[in-house]
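**Q** Structure provided below as structure tokens; questions to follow.
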Amino acid sequence: MLKAYPADLHIHTCLSPCADEEMNPANILNMAKLMGTKIIAICDHNSAKNVKPVQEAAEDYDITVIPGMEVESAEEAHLLVFFEDLNTMMEWQDYVYKHLPAIKNNPKFFGPQQIVDRDSNITGEEDKMLISAISASAEEISQRVLKMGGMLVPAHIDRKTYSLMGQLGFIPADLEISAIEISRNVSEKEARRKFNIPDKYSIITSSDAHRLKEMVFQKTFLYIKTPNFVEIKKAFKGVEGRRVIIKE
């Protein structure tokens, strides 16, 4: 039997230099619980080092945490990448790190990149500058993600910067896309009309939260059997009755 699961598939932690330090596992999960959100995805910039701590902390909650990452392509377009398990995500992280520029982060200028444990204790900082484009193109990222069994979702395509539409002016037809994300600034109907998005692509909207208060933006519902990666993939494809609904 299918059930509607409230989902927020784009949340940053304190590992992202542009996110507040309050974005730790305990605070994120407590806010998700308060909002009734049942599925979340941790999508820090070009790194997944805080996915495991949030997953471990979520063992005490009725919340599913999907491994994710917000990758910045060589075109400076932000792309959400999701994998079924943490091992595959860490393999993907190795690929991303190899394509990051050899520049160290400047915490005073860009912000700290904090690594935490399941109890939200700070255990270290990532010294690579995460808030930059990697040397792989959107097409290369797409093909790699497909080969590894993941899902690719262009992030906030309605934004003028750091989106496929903003950087390229179009969504390349040859990209292997699982769904398309829009920001809170546009409705699904408006986005399909304005950006000529075919019906074959499911649309999601996420909080893209960098601060806890931004997690109140929760409008995506996944009609699936159980809250897991395989079911979400089916919902994105609209198969076997699974589907994505955005409630305005």
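**Q** Going through 132, 120 one at a time, which residue ends up being within 30 Å of residue 175 (Cβ to Cβ), among the polar types (S, T, N, Q) and outside any helix (DSSP H, G or I)?
**A** From the options 132, 120, the qualifying one is 132.
**Q** Is the stretch 202-221 home to any residue that is part of a loop (DSSP other than H, G, I, E, B) and more than 20 Å from residue 12 (Cα to Cα)?
**A** yes
**Q** Now for a separate question. Among the residues of the stretch 163-177, which ones are farther than 26 Å from residue 235 by Cα and assigned to a loop (DSSP other than H, G, I, E, B)?
**A** 169
**Q** Let me ask something else about it. Would you confirm whether any residue within the stretch 232-241 is in contact with a Phe, Trp or Tyr (Cβ under 8 Å, 6 or more places away or on another chain) and of a type in the set (Phe, Trp, Tyr)?
**A** So far as the stretch 232-241 goes, no, none of its residues is in contact with a Phe, Trp or Tyr (Cβ under 8 Å, 6 or more places away or on another chain) and of a type in the set (Phe, Trp, Tyr).
**Q** Name, by its number, the condition in (1) surrounded by fewer than 23 Cβ atoms within 10 Å (Cβ to Cβ); (2) in contact with a His (Cβ under 9 Å, 6 or more places away or on another chain) that does not hold for residue 107.
**A** (2)
**Q** Mind checking which residues of the stretch 1-35 are in a strand (DSSP E or B) and either among the aromatic types (Phe, Trp, Tyr) or at pLDDT below 95 (or both)?
**A** 5
Okay, residues lined up against (1) modelled with pLDDT under 95; (2) under 25 Å from residue 50 (Cβ atoms):
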{"position": "133", "(1), (2)": "no, yes"}
{"position": "137", "(1), (2)": "no, no"}
{"position": "142", "(1), (2)": "no, yes"}
{"position": "148", "(1), (2)": "no, yes"}
{"position": "155", "(1), (2)": "no, yes"}
{"position": "162", "(1), (2)": "no, yes"}
{"position": "169", "(1), (2)": "yes, no"}
{"position": "187", "(1), (2)": "yes, no"}
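**Q** Sticking with this one: Which of the residues that make up the stretch 235-248 are buried (at least 20 other Cβ atoms within 10 Å of the Cβ) and at pLDDT below 95?
**A** Scanning the stretch 235-248 gives no hits.
**Q** Can you tell me which residue in the stretch 130-144 is farthest from residue 103 (Cα to Cα), limited to those that are surrounded by fewer than 20 Cβ atoms within 10 Å (Cβ to Cβ) and touching a Pro at 6+ places or on another chain (Cβ under 7 Å)?
**A** Applying the filter and picking the extreme gives 139.
**Q** Does residue 232 satisfy the condition of being buried (at least 18 other Cβ atoms within 10 Å of the Cβ) and either among the aromatic types (Phe, Trp, Tyr) or assigned to a helix (DSSP H, G or I) (or both)?
**A** So residue 232 fits the description; yes.
**Q** Here is a follow-up. When the stretch 135-155 is examined, which residues are found to be in contact with an Asp or Glu (Cβ under 8 Å, 6 or more places away or on another chain), assigned to a loop (DSSP other than H, G, I, E, B) and farther than 24 Å from residue 231 by Cβ?
**A** Of everything in the stretch 135-155, just one residue is in contact with an Asp or Glu (Cβ under 8 Å, 6 or more places away or on another chain), assigned to a loop (DSSP other than H, G, I, E, B) and farther than 24 Å from residue 231 by Cβ, namely 137.
The values are calculated or read from the model by the stated rules, or taken from the named source; none is laboratory data. Everything numeric here is computed off the predicted structure, so don't read it as measured data. Cβ coordinates were reconstructed from backbone atoms using ideal geometry, including for glycine residues, and neighbour counts include every protein chain displayed.
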